[in-house]
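So the structure is just underneath, and the comments pick up after that.
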Amino acid sequence: MSSEDPRRAQLRRMKAIALAMLLAMLAGFVLSHAMGNQGVWAWVSAFCEAATVGALADWFAVVALFRHPLGLPIPHTAIIPRNKARIADSLAAFVRDHFLEPQTLLAKLEVFDPAAKLGDWLSRPEQSRRLAQLARGWALQALDLLDERAVREAIQAFVIARLRNWNAAATAGDVLGLLTADGRHQALLDEALRRLGAYLDDEAVKQRASGLLVKHARKEWPRLVGTVDFVKPIEGIADNLADRIARALLDELNEILSQPEHPLRRDYEQWLQDYVQRLRRDPALAARVEAIKQNLIGHESVQEYVRGLWDQIHASLRRDLENGDGVLARHLEQSLAGLGQALARDDALREAINQHVLGGAEKLALRLRGGVTDYIAQTVKAWDERHLVEQLELSVGRDLQYIRFNGTLVGGLIGLILHAVIVLLDRTPPL
């Protein structure tokens with residue numbers, strides 16, 4: 001299977017046609033002279049002669065653009081390779097002045113209204129879905145490219161450093177300060193007292209308390225309690241005492257719950273406020289809290305948990321991204337669609353985005369003008385002349401052959417006109 005550029009075959013065909021026309025004109029010119037160059041043959045001779053001149057002149061002009069005709073170093077030929085540097089500079093200047101001129105670029109962007117176009121594009125569900133899926137694919141590729149060991153070590157170093165620098169005592173003081181705001185600590189105390197009351201009012205708890213009393217009595221008075229006659233009375237006394245203790249405690253708890261100014265509440269309030277201040281200001285207490293924190297951080301189970309954070313994050317991200325209808329993909333799709341709808345109805349948002357785009361485009365154009373201009377110029381200047389000529393000829397050479405066609409036909413027509421003028425002048429009697 002041939003891999004030849006089809007433009008090359010087309011160019012050869014057009015050159016062959018132009019050459020055939022030139023040869024036909026030469027043949028007609030020779031034949032007309034062989035036939036005496038009289039009558040109709042005189043008209044054929046005039047047409048073919050002028051057509052030959054026109055064809056040769058246009059052949060010379062077309063060839064002179066790319067190379068020296070017949071290899072002769074005729075002045076002002078091989079125009080493109082001889083002026084490659086000037087062409088490169090002119091092309092670079094053209095791109096700079098017509099594509100990277102800030103005012104021209106901004107005028108086109110302003111008419112284009114990029115924010116409105118973006119909003120219209122994102123408002124279509126298929127577009128936002130396609131963009132979300134595209135972003136999902138990019139994210140999966142990014143996960144595959146990550147150095148997991150380096151990421152894991154970086155996360156571990158970051159988390160451990162932040163934990164070690166964390167002022168745990170001050171944070172605990174702030175948390176307790178929040179808990180004491182608006183009486184939240186009193187509500188917490190009430191809930192704790194209610195749960196303690198429910199616990200004490202449980203018959204099973206009373207039975208365990210009674211058993212502890214009997215056990216203590218046997219330990220303290222083994223001989224007295226060890227006799228059979230005293231076992232049952234002691235158990236009855238223990239049950240009664242456990243019930244009385246529970247009721248006394250319940251009465252005390254109910255009294256505390258019903259009295260906002262109960263001494264226990266005031267003592268609890270004072271203790272808690274003092275402890276909050278100590279956590280914030282007492283260096284000794286802060287040092288003890290810090291030591292506990294550092295011991296916890298250095299514990300192997302904590303270190304193992306921190307090391308496994310990236311594995312959990314990575315696995316979770318991959319599962320979600322591999323699912324075309326995952327949470328991240330749905331959220332991104334909804335966000336993009338919401339952005340499109342917001343752009344469609346919010347003129348201020350569109351104006352703000354357009355201003356950002358225009359400002360960014362202006363800065364980018366100013367930054368790229370010099371660099372792009374130099375890059376284009378240097379790239380064209382570095383091209384091999386033969387390769388440059390070949391590529392240009394393949395691009396426009398086919399169309400240039402029409403110049404040769406036209407030169408042949410137009411030259412022939414001019415020859416006929418001139419011959420007609422000569423005939424007319426010969427037939428006009430002198431004055």
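Report whether or not Asp97 is charged (D, E, K, R) and surrounded by 13 or more Cβ atoms within 10 Å (Cβ to Cβ). So Asp97 does not fit the description; no.
Mind telling me which of the residues Asp267, Asp325 ends up being within 46 Å of the chain's Cα centre (by Cα) and open to solvent by 80 Å² or more (accessible area, probe 1.4 Å)?
On the way: Asp267 fails: within 46 Å of the chain's Cα centre (by Cα).
Answer to the selection: Asp325.
Screening Ala248 against (1) free of Cβ contacts under 8 Å to residues at least 24 places away in the same chain; (2) closer than 30 Å to Ala116 by Cα; (3) part of a helix (DSSP H, G or I) leaves a single unmet condition, (2). Regarding Met14, is this residue open to solvent by less than 50 Å² (accessible area, probe 1.4 Å), over 17 Å from Leu400 (Cβ atoms), out of contact with any strand residue (DSSP E or B) (no Cβ under 6 Å at 6 or more places or on another chain) and in a helix (DSSP H, G or I)? Against the criterion (open to solvent by less than 50 Å² (accessible area, probe 1.4 Å), over 17 Å from Leu400 (Cβ atoms), out of contact with any strand residue (DSSP E or B) (no Cβ under 6 Å at 6 or more places or on another chain) and in a helix (DSSP H, G or I)), Met14 does not qualify. When region 1-53 is filtered for residues that are more than 27 Å from Ala420 (Cα to Cα), among the hydrophobic types (A, V, I, L, M, F, W, C) and touching a residue at least 60 places away in the same chain (Cβ under 8 Å), the ones remaining, listed by number, are Leu11, Met14, Ile17. Among the conditions (1) open to solvent by 90 Å² or more (accessible area, probe 1.4 Å); (2) modelled with pLDDT of 85 or more; (3) not polar (S, T, N, Q), the only one that Leu366 does not satisfy is (2).
Scanning region 240-264 for residues that are open to solvent by less than 70 Å² (accessible area, probe 1.4 Å) and modelled with pLDDT under 75 returns Ala242, Asp243, Ala246, Ala248, Leu250, Leu253, Ile256, Leu257. In this entry, Thr77 passes the filter for residues that are in contact with a His (Cβ under 8 Å, 6 or more places away or on another chain), open to solvent by less than 90 Å² (accessible area, probe 1.4 Å) and closer than 30 Å to Val62 by Cα. Has region 84-104 got any residue that is modelled with pLDDT of 80 or more, out of contact with any Phe, Trp or Tyr (no Cβ under 6 Å at 6 or more places or on another chain) and not in a helix (DSSP H, G or I)? For region 84-104, residues modelled with pLDDT of 80 or more, out of contact with any Phe, Trp or Tyr (no Cβ under 6 Å at 6 or more places or on another chain) and not in a helix (DSSP H, G or I): absent. Confirm whether Leu22 is open to solvent by less than 60 Å² (accessible area, probe 1.4 Å) and closer than 19 Å to Ile414 by Cα. So Leu22 passes the test. Being open to solvent by less than 80 Å² (accessible area, probe 1.4 Å), closer than 30 Å to Ala161 by Cα, modelled with pLDDT under 85 and assigned to a helix (DSSP H, G or I) holds for only one residue in Val389, Val302, and it is Val302.
Among the residues of region 121-169, those that are open to solvent by less than 80 Å² (accessible area, probe 1.4 Å) and polar (S, T, N, Q) comprise Ser123, Gln127, Ser128, Gln133, Gln156.
The residue list Leu413, Leu418, Leu424, Leu394 contains one member that is open to solvent by less than 90 Å² (accessible area, probe 1.4 Å), assigned to a helix (DSSP H, G or I) and not basic (Lys, Arg), which is Leu394. For region 87-107, check the following and say yes or no: at least one residue is of a type in the set (Ser, Thr, Tyr) and farther than 25 Å from Leu332 by Cβ. Scanning region 87-107 turns up at least one residue that is of a type in the set (Ser, Thr, Tyr) and farther than 25 Å from Leu332 by Cβ. Listed conditions (1) more than 30 Å from Gln141 (Cα to Cα); (2) not in a helix (DSSP H, G or I) are all met by Asp325, apart from (1).
The values are calculated or read from the model by the stated rules, or taken from the named source; none is laboratory data. All values reported here derive from a predicted model rather than from experimental measurement. Note: ideal-geometry Cβ built from the backbone for every residue, glycine included; neighbour counts use all protein chains shown. We work out accessible area using only protein heavy atoms, side chains counted, and drop any ligands, DNA or RNA first. Shrake-Rupley method; radii C 1.70, N 1.55, O 1.52, S 1.80 Å.
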